[in-house]
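Student: One structure, pasted below without further comment.
The values are calculated or read from the model by the stated rules, or taken from the named source; none is laboratory data. Just so it is clear, the structure is predicted and the values come from calculations on it, not from any experiment. Cβ atoms come from the backbone with ideal geometry, glycine included; neighbour counts cover every protein chain shown. Note: areas computed on protein heavy atoms with side chains; ligands, DNA, RNA excluded. Shrake-Rupley method; radii C 1.70, N 1.55, O 1.52, S 1.80 Å.
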Amino acid sequence: MAPTTESSCLTQPIGVFFSPPLESLLLQNPYSLASYLEYIRAARHVSFPCSRHIYLRAVSYLPGSYKLWRILLAEFTAALRSLRHGAPLSVVCSSPSLSSTSHGGASTEGSGLDSVLDPEVEALNSLYERAVTNLPKMPVMWAEYIATLLEQHQIQKARTTLNRALQALPITLHSQVWEPFLTYIHKHADSVPVGTLILAYSRAMQLQPNKVDEYISTLQSRGVYDEAARLLGNVLDKQDSSSLGKSQHDLWLELCNLITSHPTSVGRQALNVDAIFRGGIERFQSDVGRLWTALADYYIRRGLYEQARDVYDEALESVRTVRDFSLVFDALAQFEESVLRAKMEEADGDNNDDDEQRLQSETDAVAAGAPDPLLVRAAKSPSALSDLDLRLARLEHLMARRPLLVSSVRLRQNPNSVPEWLKRVELYEGDIRSQVSTYDEAVSTVVEGAGGKDDGRPVELWVSYAQFHEQRGDVKKARETFERAARSPFKRAEDCATVWCERIEMELRQKCYEDALSLSRRATKAPTPRHVVIGDAMDHDGEENHDVAGAAARSQRLWDLRCDLEESLADSLDDVRAAYDDRLARKLATPQTVLNYALLLWEKTFFEEAFRIYERGVSLFNWPNCVEIWRTYLSKFHERYEGRKMERLRDLYDQCLSSGCPQDLSRAFFVDLARLEEEHGLARRAMDVYDKASSRVKRDERRGIIELYAERARTLFGIDKARDVYQRSVNRELGVDASGVGLPDEDTLALCVRWASLELSLGEVDRTRAIYSHAAQLADPGKATSFWTAWSEFEVRHGDEATFREMLRIKRSVAAAFGPENAIAAAAAAAASGAAATEALPGFVASTQQPIVGNTISGGDFMPSASFAGARPGYVFRTGKSGVGYYLDPTQAKSGGAARPRAPPATKNAEEIDLDLDDDDDDGGGDDDDVQAVLDAAASAKERFKRARVE
């Protein structure tokens, strides 16, 4: 069947597709939705033009079926697009027969051509009209209809349809019909009239305020900057959050950029531009410089240059960071340079092409005696030349002010920075009035304690201010400044004392000596109770909450200055002594003060008075602060009386050493006392002093004292006394004496070697060997190699095979005793007993730990011990006549028990030399060969030694 026209297709059925069974069902029930849907599914295998009569018949019987209308409109639209091969619905019909025909009142306003729409498109619009008429509460139907009209560019009809939809739908569904219309306007903003755009968005934002960002961007794209600025201002006033995720800071900067970029367009709106920028400056401190330059740029673009300069000046006086200052200053300098350049171009005129020729002619004219052309032009237009000079001077003045402006910025950022205030004074070099005003502003602005550690103190400002007047020769002003500083509420007594010291030094520079002395007495005067308590200083008596002036009166610096001035300028010695006595009475003296006072009296031949001052000094100070006072006191006393008052001098030394003298400082006093006893006293007393010193000086200094002791004993009393010194010292250091702490093992070994050398020089070979054997318990063969070398050389020269073997046996036993296991056991035993580290080496022969008596080593009836070191057979630990230690147990002695401790069996050493001389003929191992080789070498060395002596 051939197709008919569009109107006939929509008004009567077309018998293209026919199904008798379905037709019978519809005749029985023409209002059955299921029958129509079944009929439609059966007709889908044919094209839509051949089956549209079924759709039209269905909606005519069931006009309120949403499902039928959706299927019909979808099939119609798809068929229409397929027929047009994807072309937009706005394509118009170019048939001449339709050029003067209008269908359904449709217009072609969107096409811009004098033609009508395609009949098929018009039929689609008619179907949508019927659908929304029958289903006015369906927003999807309205939205699709509006989108179809906008695709045809029928904007006016789409607006009308939108109004009908808004009137028909509840308000909760309005957003669905607004969406296609706003999307179209935003996408085709360049072709949509501005009025339509503004009206549409204004109505839509009443329901959807989150569209404001889209609206603003659309307005900016169409150049409607005044409305965009107004909307941004409203958003910022309401503090609404942006739908695009922009912060208030970003929106504010966007508004400022919009105003700055388009000042003329934005100026038509009733916006307070100045208030907008200043509000952003107060609110966003990170962009202060940027906002100030933007405000100035706004006035520049509008031609308001003076207002722009005012903005720049205000910005320079208010910014608080150097970064913002640099932005503003650079912008102002660029603005002034551009204005100056424009004025220079204006004054130069339009004859730039003839500049060289005009310059040459003017030069020739001046050479011929004609007036200067520059003066002639200045006379003709003096205003232009003076304006140019004024602008040039303004630019130069701006550049010259930059250091001061930077200083102002830093002081606004930190008004308590004293170094910055002093730099600002230097910037005003040559301007006395400005320097004075700067000083006054600084001392009134800086608050002590409000700044950081690097900000200085207010006292530096006061001192610099006074020295500024002094350098100018105005001493009166300098004194007034110091008086103001003294009354200033300092929080630190040191600052107040600095003010007084600087003023006194100024008086000395001005040669006003009496004034300087009176000021020092005034500054150190004790405060009266009428002073107001403003500080928390504490004096030496434990009193708290003194005022700063009172604490400054206790300043060491002030008192040192006063004492110096009293010694130099006082009228009599009594005034000087009164100052020193006052300082000592108030407990403000230092050890150096005591020494100075005593030296003053010594020079004035008041010797006993000087000694009393020394006595007061050592009673004021504890060790080690009084060490210099004691040294000077004792030396001066000896210098004064030499040996005439030895008893008094001994008492002084005893007082010094018994008053808590530290061990590291006592050696010098002991040595000096011993020498004095040797020179002016008794040698026996000197020996007693050395003996005390050997146990009371610092541990690492005892060896030197003992060696000195032995040397002086040998000189004064002979060999026997020196031998006794060594014997008692070594016994004490080996733990037999009850004195406590001994020497380090290295020093003890060194003493034993010196003792052995002394005995050997006297030919006492047996005593020398006993000393070596006695000291061997401390000599680790792995460390004390020098000791074993000395003993070996001694045995080679003065011993025999038996003694050499005994030396080797002892060396091996000591090596075993110093092994890791025995060393750990010895350390644990020493820690448990509290004894010294040199006591009771485990695994070693016990008899070697006994004191030397004559040529033998014996235990005796008493073994001293500072603390209990374990049970010892035949002895009991108690306190008796000889002190604390192990005493012989009388009950065991009577019953025949052990009266002396026996040495525990020595640990068997696999490498020990067999000392049994009866087995010399047996077959031995390699150790006998080694020993024999050593003995042969020793014999050979002994023969060479004898020959050398004979020769």
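Conditions tested, residue by residue: (1) part of a loop (DSSP other than H, G, I, E, B); (2) touching a residue at least 40 places away in the same chain (Cβ under 8 Å); (3) crowded, with 16+ Cβ neighbours inside 10 Å; (4) not acidic (D, E).
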{"residue": "R640", "(1), (2), (3), (4)": "no, no, no, yes"}
{"residue": "R644", "(1), (2), (3), (4)": "yes, no, no, yes"}
{"residue": "E647", "(1), (2), (3), (4)": "no, no, no, no"}
{"residue": "L652", "(1), (2), (3), (4)": "no, no, yes, yes"}
{"residue": "Q655", "(1), (2), (3), (4)": "no, no, no, yes"}
{"residue": "C661", "(1), (2), (3), (4)": "yes, no, yes, yes"}
{"residue": "S666", "(1), (2), (3), (4)": "no, no, yes, yes"}
{"residue": "V671", "(1), (2), (3), (4)": "no, no, yes, yes"}
{"residue": "L676", "(1), (2), (3), (4)": "no, no, yes, yes"}
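Student: Just checking: which of the helices (runs of 4 or more DSSP H) contained wholly in region 229-321 hold 1 or more residues that are modelled with pLDDT of 80 or more? Give the steps one after another, and end with the answer.
Tutor: Numbers: elements: 248-261, 263-266, 273-283, 288-301, 305-318.
Per the criteria, 273-283, 288-301, 305-318.
Student: When both residues are 6+ apart or on different chains and their Cβ atoms are under 6 Å apart, which pairs have a first residue that lies in region 401-429 and is assigned to a loop (DSSP other than H, G, I, E, B), and a second that is among the small types (G, A, S) and at pLDDT 90 or above?
Tutor: Going by the 6 Å Cβ cut-off, the qualifying pairs are Y428/S434.
Student: Then there's this: Here are S51, S60: which of them is at pLDDT 75 or above and in a helix (DSSP H, G or I)?
Tutor: Step by step, each of S51, S60 is checked, and only S60 is at pLDDT 75 or above and in a helix (DSSP H, G or I).
Student: Something else about it: Examine region 625-634 for a residue that is loosely packed, with under 15 Cβ neighbours inside 10 Å and over 30 Å from L749 (Cα atoms), and state whether such a residue exists.
Tutor: Yes, there is a match, as at least one residue in region 625-634 is loosely packed, with under 15 Cβ neighbours inside 10 Å and over 30 Å from L749 (Cα atoms).
Student: Something else now. Regarding region 192-209, can at least one residue be identified that is surrounded by 13 or more Cβ atoms within 10 Å (Cβ to Cβ), among the hydroxyl-bearing types (S, T, Y), under 59 Å from the mean Cα position of the chain (by Cα) and assigned to a helix (DSSP H, G or I)?
Tutor: Checking region 192-209: at least one residue is surrounded by 13 or more Cβ atoms within 10 Å (Cβ to Cβ), among the hydroxyl-bearing types (S, T, Y), under 59 Å from the mean Cα position of the chain (by Cα) and assigned to a helix (DSSP H, G or I).
Student: I629: at pLDDT 90 or above and β-branched (V, I, T), yes or no?
Tutor: Taking the combined requirement at face value, the residue satisfies it.
A quick yes/no check of all residues on (1) open to solvent by 40 Å² or more (accessible area, probe 1.4 Å); (2) touching a Pro at 6+ places or on another chain (Cβ under 7 Å); (3) in contact (Cβ under 8 Å) with a residue 12 or more places away in the chain:
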position	(1), (2), (3)
H680	yes, no, yes
A683	no, no, yes
A686	no, no, yes
S695	yes, no, yes
K698	yes, no, yes
A710	no, no, yes
L716	yes, no, yes
D720	yes, no, no
R723	yes, no, yes
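Student: Name, by its number, the condition in (1) assigned to a loop (DSSP other than H, G, I, E, B); (2) open to solvent by less than 10 Å² (accessible area, probe 1.4 Å) that does not hold for Y580.
Tutor: It fails just one condition, (1).
Student: Out of the residues in region 475-513 meeting the condition of being among the polar types (S, T, N, Q) and buried (at least 16 other Cβ atoms within 10 Å of the Cβ), tell me which one is farthest from S555 (Cα to Cα).
Tutor: T481
Student: Could you look through region 275-309, keep only residues that are open to solvent by less than 40 Å² (accessible area, probe 1.4 Å) and among the charged types (D, E, K, R), and pick out the one that is farthest from D324 (Cα to Cα)?
Tutor: Here the residue is R309.
Student: Please go through region 324-344 and pick out each residue that is surrounded by 17 or more Cβ atoms within 10 Å (Cβ to Cβ) and under 41 Å from the mean Cα position of the chain (by Cα).
Tutor: Scanning region 324-344 gives D324, F325, L327, V328, F329, A331, L332.
Student: Mind checking which residues of region 63-78 are of a type in the set (G, A, S) and either part of a helix (DSSP H, G or I) or at pLDDT below 80 (or both)?
Tutor: Of everything in region 63-78, those that are of a type in the set (G, A, S) and either part of a helix (DSSP H, G or I) or at pLDDT below 80 (or both) turn out to be A74, A78.
Student: So which residues in region 444-460 are of a type in the set (S, T, N, Q) and either more than 32 Å from the chain's Cα centre (by Cα) or open to solvent by less than 80 Å² (accessible area, probe 1.4 Å) (or both)?
Tutor: T445
Student: In addition: Quick one: count up the residues across region 553-577 that are assigned to a helix (DSSP H, G or I) and touching a residue at least 60 places away in the same chain (Cβ under 8 Å).
Tutor: As a first pass, look at region 553-577 and keep what is assigned to a helix (DSSP H, G or I): 556-569, 573-577.
Next, only the ones that are touching a residue at least 60 places away in the same chain (Cβ under 8 Å) stay: 557-558, 561, 565.
Result for region 553-577: 4.
Student: Please verify whether region 401-411 includes one or more residues that are over 25 Å from K453 (Cα atoms), open to solvent by less than 70 Å² (accessible area, probe 1.4 Å) and aliphatic (A, V, I, L, M).
Tutor: No.
Student: Spot the failing condition for V463; the list is (1) modelled with pLDDT under 90; (2) of a type in the set (A, V, I, L, M); (3) open to solvent by less than 60 Å² (accessible area, probe 1.4 Å), and only one is missed.
Tutor: All conditions are met except number (1).
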